[in-house]
Amino acid sequence: MWRIGHDSSKSDNISALCPQKARKSTRIHHICREDRNNMSTAGKVIKCKAAVLWELKKPFSIEEVEVAPPKASEVRIKMVATGICRSDDHVVNGSIFVPLPVILGHEGAGIVESIGEGVTTVKPGDKVIPLFTPQCGKCAVCKHPEANFCMKNDLFNPRGTVQDGTTRFTCRGKPIHHFITTSTFSEYTVVDEISVVKIDAAAPLEKVCLIGCGFSTGYGSAVKVAKVKPGSTCAVFGLGGVGLSTIIGCKAAGAARIIGVDINKDKFAKAKELGATECISPQDFKKPIHEVLKEMTGGGVDFSFEVIGRLDTMAEALSCCHEAYGTSVIVGVPPGSENLSVHPMLLLTGRTWKGAIFGGFKSKDSIPKLVADFLTNKFPLDPLITHVLPFEKVNEGFDLLRSGKSIRTVLKF
Ligand code: PAD
Ligand code: ZN
Ligand code: ZN
């Protein structure tokens, strides 16, 4: 599914984006850059631990990998924390295609260890979040005032590399692929400058890592993609880390009624704590859940969100919003190559159906603001973090997700 579409501009030399590159070729500038880099490791290959996925449907293998120094316009990051998102699991189970072997992980936070030539927006020692949807600032999408799915992304037609088409990871003599320009399941990772952003030095990295994916995706789906209105009624299908963040967004936007939908009732208490006014399980009803929701709301909800990644629940979420003015947002990533068929009348009467990656947020612009909002208590992250484990226990973290016991597990390095 993530292979649909093609970005012909991917092979552009990204270093061309950096006007300072030419000036930095002098000896003086070279010394300056080395001064700012971590002298003990800058320019050298770093050997460290990473979780390598060699084969689908197999556990991660904690391996010693070599991480090459960043080339021009690249940044090497020492990871401090990373969340585990269902999208990582979609790769393991084969629903999302990426080239193997690969270092997964895309919801991380860390500290810049060294920078390549021409990098100007981050420096060694900065706290940063890697961006699974880059923001190059130059493409048609980046120039569009609303759109966020930068054409330099590696989600559709993934190459599993940095922008120059090569990898910075090797293990047992083999190149290891990057994952959606992030690869946070490694003590060190290398990303392009367009795939990393500096955040406030006061930010607790073991929490704000969730702003790198799950939180922002859910929250933005409500406040930015659906543009939930005060006093409205919302239905959120799927009460995992992303769905709960959608609830936080619906509440922040002033929704009067927020109905959580999940087959795992253990998720209901937290959903209510975060703003759901009621929660229902489709398994408690004989009729389809969209009919139940229409009855509960006198004709349909204003906004519905599918935050699971299943075709049947995407159709239910669309049907449960009001036929004349409802908006339904797809957030969950659907399985592989399957299609969803819906009757056009569902849209003809006035519904709006949309979807977004990363909550519709332009990543570089929005992440520092979201971190600042977290630091001023505009929204919580703590309730989303149910487990904290050392990085080496990555497989245990995935077991917790698969068994429905965790919301977010944060792995600490
Ligand atoms: P999660 O597995 O923590 O949560 C999914 C929830 O759905 C769980 O609570 C399940 O119990 C529930 N569920 C499963 N099946 C059903 C069903 N038939 N009916 C009702 N509820 C059900 O996942 P998550 O919150 O990490 O991610 C949710 C989805 O969002 C997933 O597909 C992920 O890949 C996608 C995602 N999209 C983006 C994006 O940019 N669009 C970003 C991050 C995650
Ligand atoms: Zn994610
Ligand atoms: Zn772009």
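The values are calculated or read from the model by the stated rules, or taken from the named source; none is laboratory data. Computed from a predicted model, the values in this text were never measured in an experiment. Please note: Cβ atoms are built from the backbone with ideal geometry, for glycine as well, and neighbour counts cover all protein chains shown. Surface areas here come from the heavy atoms of the whole protein model, side chains and all, with no ligands, DNA or RNA. Shrake-Rupley method; radii C 1.70, N 1.55, O 1.52, S 1.80 Å.
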Cβ crowding within 10 Å averaged over residues, with 41-47, 174-180 ranked highest first: 174-180, 41-47
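How big is the charge dipole of the chain about its Cα centre, in debye rounded to the nearest 20, if each Lys and Arg gets +1 on its Cβ and each Asp and Glu gets -1 on its Cβ?
Numbers: 52 positive and 42 negative charges, 165 e Å.
Here the size comes out at about 800 debye.
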Amide H of Cys136: which non-local residues (sequence gap of 5 or more, or other chain) have their own amide H closer than 5 Å, using H built in the peptide plane? Lys152
Classify segment 221-369: rounded, prolate or oblate, from the alpha-carbon gyration tensor (a ≥ b ≥ c, eigenvalue square roots; a/c under 1.5 rounded; otherwise prolate if a/b is larger than b/c)? rounded
Mean Cβ neighbour count within 10 Å, used as a protection proxy, ranking 321-331, 242-252 highest first: 242-252, 321-331
Among Val141, Gly160, Pro130, whose Cα sits farthest toward the positive end of the charge dipole of segment 115-173 (+1 at Cβ of Lys/Arg, -1 at Cβ of Asp/Glu, about the Cα centre)? Gly160
5 Å is the cut-off here: which amide hydrogens, built 1.01 Å from N in the peptide plane, fall below it relative to Leu389, excluding neighbours closer than 5 in sequence? Val410, Leu411, Lys412
Net charge over other residues, Cβ less than 13 angstrom from the Cβ of Asp302 (K, R count +1; D, E count -1): +4
So which of Lys78/Lys378; Lys227/Lys364; Lys364/Lys405; Lys152/Lys207 end up more than 30 Å apart, counting from Cα to Cα? Lys364/Lys405
Report relative contact order for segment 261-325 in percent, whole number only (criteria: Cα-Cα under 8 Å, sequence separation at least 6). 27
Cα→Cβ-extended label distance, 7 Å offset, between Glu273 and Val388, nm: 1.5
How large is ³J(HN,Hα) for each residue in segment 205-222, as worked out from phi by the Karplus curve 6.51 cos²θ - 1.76 cosθ + 1.60 (θ = phi - 60°), to whole Hz, x for Gly and Pro? 5, 6, 10, 6, 4, 5, 6, x, 8, x, 4, 5, 4, x, 4, x, 4, 7
Give the carbon-plus-sulfur fraction of the accessible surface of segment 130-253 in %, rounded to a whole number; probe 1.4 Å, heavy atoms of protein chains only. 58
Would you mind classifying segment 84-179 by shape? Square roots of the alpha carbon gyration tensor eigenvalues, ordered a ≥ b ≥ c; an a/c under 1.5 is rounded, otherwise it is prolate if a/b is larger than b/c and oblate if not. oblate
Please figure out what share of the DSSP beta bridges in the chain is antiparallel and state it in percent, rounded to the nearest 5. 55
Could you derive backbone 3J(HN,Hα) for segment 155-160 from the dihedral phi with the Karplus parameters 6.51, -1.76 and 1.60 (θ = phi - 60°), listing whole Hz in sequence and x where the residue is Gly or Pro? 8, 8, 6, x, 9, x
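Using Cα-Cα distances under 8 Å and only pairs 6 or more residues apart, what relative contact order does the chain have, in percent?
17
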How much length, in nm to one decimal, is gained on full extension between Lys123 and Thr352, taken as 0.36 nm per residue of separation minus their Cα-Cα distance? 78.1 nm
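With n ≥ 4 as the cut-off for DSSP H runs, can you work out [θ] at 222 nm for the chain, using -39500 (n - 2.57) per run divided by the number of residues, rounded to the nearest 500?
Calculated from helices alone, the mean residue ellipticity at 222 nm is -6000 deg cm²/dmol.
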Can you classify segment 250-334 as rounded, prolate or oblate using the Cα gyration tensor, where a ≥ b ≥ c are the square roots of its eigenvalues, rounded means a/c under 1.5, and otherwise it's prolate if a/b beats b/c and oblate if not? rounded
Using per-residue counts of other Cβ atoms within 10 Å, averaged over each peptide, order 397-405, 269-277 from highest down. 269-277, 397-405
At most 14 other Cβ within 10 Å, DSSP loop - GluC sites (Glu not before Pro), segment 63-165: Glu146
May I ask you to evaluate 6.51 cos²θ - 1.76 cosθ + 1.60, the Karplus curve with θ = phi - 60°, for each residue of segment 104-114 and list the ³J(HN,Hα) values in order in whole Hz, giving x for glycine and proline? 7, x, 8, 10, x, 8, x, 10, 5, 8, 7
Amide H neighbours of Ser114 under 5 Å, counting only residues 5+ apart in sequence or on other chains, H built in-plane at 1.01 Å? Arg76
Pro380 neighbourhood, Cβ < 10 Å, K/R = +1, D/E = -1, net charge 0
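Add +1 for every Lys or Arg and -1 for every Asp or Glu among the other residues with Cβ under 15 Å from the Cβ of Arg86, and state the total.
Every neighbour counted, the sum reads -1.
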What does the extension gain come out to for Thr166 and Met296, with contour length at 0.36 nm per residue minus their alpha carbon separation? 41.4 nm
Could you work out the relative contact order of segment 208-351, using alpha carbon pairs under 8 angstrom and six or more residues apart, expressed as a whole percent? 21
